[in-house]
1. Could you work out the relative contact order of region 1-112? I mean the mean sequence separation of Cα pairs under 8 Å and 6+ apart, divided by the number of residues, in percent.
2. Taking the radius of gyration and the Kirkwood hydrodynamic radius from Cα positions alone, what is the Rg/Rh ratio for region 3-125, to two decimal places?
3. Roll a 1.4 angstrom probe over the protein heavy atoms and tell me the percent of accessible area of the chain that is carbon or sulfur.
4. Taking semi-axes √(5λ) of the Cα gyration tensor in Å as the quantity of interest, determine which of (i) 56, 20, 18; (ii) 31, 23, 18; (iii) 38, 24, 16 was computed from the displayed structure.
5. Find the relative contact order for the chain and round it to a whole percent, using C-alpha pairs within less than 8 Å whose residues are 6+ positions apart.
6. Could you pull the accessible area for residue 226 with a 1.4 Å probe, rounded to 10 Å²?
7. Would you mind working out the accessible area per residue for the chain, using a 1.4 Å probe, and quoting it in Å²?
8. At 222 nm, what value in deg cm²/dmol follows for the chain if DSSP H runs of at least 4 each add -39500 (n - 2.57) and the sum is divided by all its residues, to the nearest 500?
Amino acid sequence: MELESTAPVIVLVRPQLGENIGKAARAMLNFGLTEMRLVAPRDGWPNPSAGPAAAGANGVLENATVHDTLADAVADCAHVYATTVRKRGVTKPVVTPEEAATEIARAQGRSAIVFGPERSGLETEDVALARAIVTVPINPEFGSLNLAQAVILCAYEWSKTQWDGGALVQPTGEDLLPPAPQEELDSMIEQLEAMLEPRGYFQPESRAAATRRTLRTMLTKPGWNHLEVRTMRGVLSSLSKPRRDGA
């Protein structure tokens, strides 16, 4: 699904591995982004290693455009964000992916989010073209996001700005079965208690009521649905039967 109105362009500058380009395409399409632009990919384009890594996001790869320079790749974009962990001596606003996504969703004109090569990241000249720097809050002791991870973080934050409009949807619990009626749950608990009673589980008698309450509390916490209750009762019925081998 492509969202023309506010969807940012994803620009990969001098990407080194076809697999990483494919993984970035997969990350993009998960969150409704389909326009990829490549700046001087090291191994040329198209790259046979990209397709398998894209895991079905082939349309993103097929429509990707190749550019000699970053300036050419973002020439039609009014808002350019450079992703980097360092400012590299360039004084620009620094925003999080969430803040950048909010700005992009509200902006007039096209926006681009730019990602650097896998090993070295964006050069100072690349960052100089950007309106702002996007930096992910990250563990200062281990800042090691790969290219696809960086793309998916930014794509996800942008996708959140689209949920209310219905263009993208957050998975819900609609496919989950509703909780079982209390009657079914009570029958399951009674069945279990009937199996435990002759085995002395509720002894001593002075603790029987408290033990029953604890057991009921444990069994009502999960919010069992009808199928789960039926399955558990089947388990209990099976346990109550004598073994077929007579042991």
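1. 32
2. In region 3-125, Rg relative to Rh is 0.95.
3. Taking all protein chains in place, the chain shows 52 percent carbon and sulfur surface.
4. Checking each listed value against the structure points to (i).
5. 20
6. Roughly 90 Å² of residue 226 is accessible to a 1.4 Å probe.
7. Result: 59 Å² of accessible area for each residue.
8. That comes out to -11500 deg cm²/dmol.
The values are calculated or read from the model by the stated rules, or taken from the named source; none is laboratory data. Given the structure is predicted, the values throughout are model-derived calculations rather than measurements. Every residue, glycine as well, gets a Cβ built from its backbone with ideal geometry; the counts of neighbours run over all protein chains shown. Protein only, heavy atoms only, side chains kept; ligands, DNA and RNA dropped before computing areas. Shrake-Rupley method; radii C 1.70, N 1.55, O 1.52, S 1.80 Å.
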